[in-house]
Amino acid sequence: MKGFIVLMPDRFDVAGTYLARILAGSDTASARKELDDWQHNAPENQDAADRVFAAWETVGAAGDAPEIQRMLAEMRTRHDVAEAPQKQGRTRWQGWAVAAGLAAVLSIPTAYWLLDTPQNQPMVMNNASTIAIHATRLIEAPNGRRTVLLNDGSHVTLDVGSSVRIAFSADRRGVTLEKGRAHFEVNKDKHRPFVVTAGRLTATAVGTAFDVRLSGQSEEVMTSEGVVRVVTQFPAADHGRQTLLNAGMKLTQLTASVVVISADPIQETAWTNGKIIASSRCLGEVASQMNRYGKSTLIVAKDAENIAISGVFDLDNGAGLAEALEQQSLTTVRRDGSRIMLSRTGSAPAACRPAT
């Protein structure tokens, strides 16, 4: 009886196949479960998944580059050859991945070429400490909102000017919010809690959705789905440092105190969709928030800061807000290039409700 060789799929190809299934959306739940199990089998699997998901993110922004297009052509040729009938009984993982449209990220050359690892050192697959270092990813959003699919199937949306550092391991999904604000939609995994560190607090979830924000000397967590366990440096009203936040609750840690209040998840997370939902909000606060996104700058006179406004507005359309205020005779408007000056009219209501 003649023997034969079965060539096992490369780790990057396996990780890419799981990514293809998740993005296709047809069997996302089972793909995530299988991916989690596969990652737990070996630290090398975890590292391969980190790199493939990060490569997908990078190609999404630069997929039309001529260098990448030339590389894709070579990769497609390589995978097509691998799919030809062979006596060795080669598996069909690679061809399936190409058919799913992910040739841009499913090979070792792609993963190495696209990803710049810390210290720019080559990865050593049999060195556990090196793998742990390379599994750390910095994700930034310097110029606008950004949503990233993590390798566990979770999503993180960063506000403009925000950044997070991702460090997943076999038993923990760790995220550090370095600055700004982030919204997390966490894929459930009871064996690997999702832990976000922000300044002087940590927020832990198994599968839920929540906001975390760093602002000056304060930290904030708002739960929009499920339950989040928050551990703070200072005690809350019940004198404990651990608080369970149900959906619709917001915790704010100030200079030396912790406050927990109810919140509207729809209003609180509207920014993730590029909107601001105002209900008797102060014009000065709304303008300040919108100025971070738009090309125009709203300059609100002192007498107009407390004008109460309500409605749903595009975060990056300050000019549209100014036009609406002018049409409703709430403000007078003066324009100077990208600067829009707003002054109060006599009929404008001034009983606004400051943001909590």
Matching residues in the range 317-344 - criterion: being of a type in the set (Ser, Thr, Tyr), within 14 Å of GLU305 (Cβ to Cβ) and either exposed (fewer than 13 other Cβ atoms within 10 Å of the Cβ) or at pLDDT below 90 (or both): none
Residue match in the range 282-295 (condition: aliphatic (A, V, I, L, M), in contact with a Gly (Cβ under 9 Å, 6 or more places away or on another chain) and either crowded, with 17+ Cβ neighbours inside 10 Å or farther than 22 Å from ARG334 by Cβ (or both)): yes
Flag if ARG292 is within 28 Å of MET341 (Cα to Cα) and part of a loop (DSSP other than H, G, I, E, B): yes
Condition broken by VAL300, with the remaining ones in (1) touching a Leu at 6+ places or on another chain (Cβ under 7 Å); (2) modelled with pLDDT under 95 satisfied: (2)
Hey, ALA209 farther than 17 Å from LEU315 by Cβ, of a type in the set (A, V, I, L, M) and buried (at least 18 other Cβ atoms within 10 Å of the Cβ) or not: yes
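Kindly check whether there is at least one residue in the range 230-246 that is in contact with a helix residue (DSSP H, G or I) (Cβ under 8 Å, 6 or more places away or on another chain) and farther than 22 Å from ASP189 by Cα.
Within the range 230-246, the subset in contact with a helix residue (DSSP H, G or I) (Cβ under 8 Å, 6 or more places away or on another chain) is none.
So far as the range 230-246 goes, no, none of its residues is in contact with a helix residue (DSSP H, G or I) (Cβ under 8 Å, 6 or more places away or on another chain) and farther than 22 Å from ASP189 by Cα.
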Within the range 267-281, considering residues that are without any contact (Cβ under 8 Å) to a residue 40 or more places away in the chain and in a helix (DSSP H, G or I), the one nearest to SER329 (Cα to Cα): GLN267
THR255 at pLDDT 95 or above and either within 20 Å of VAL160 (Cα to Cα) or not small (Gly, Ala, Ser) (or both): no
All positions within the range 141-198 that are more than 10 Å from the chain's Cα centre (by Cα) and charged (D, E, K, R): ASP152, ARG165, ASP171, ARG172, ARG173, GLU178, LYS179, LYS188, ASP189, LYS190, ARG192
Residue, nearest to the chain's Cα centre (by Cα), within the range 249-281, restricted to residues that are surrounded by fewer than 16 Cβ atoms within 10 Å (Cβ to Cβ) and of a type in the set (Gly, Ala, Ser): GLY274
Which listed residue, of GLY320, GLY311, is of a type outside the set (Lys, Arg), without any contact (Cβ under 8 Å) to a residue 60 or more places away in the chain and on the phi > 0 side of the Ramachandran plot: GLY311
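The values are calculated or read from the model by the stated rules, or taken from the named source; none is laboratory data. Keep in mind that what you see is a predicted model, and the values were worked out from it rather than measured. Cβ sites come from the backbone with ideal geometry, for glycine too, and all protein chains shown count toward neighbours.
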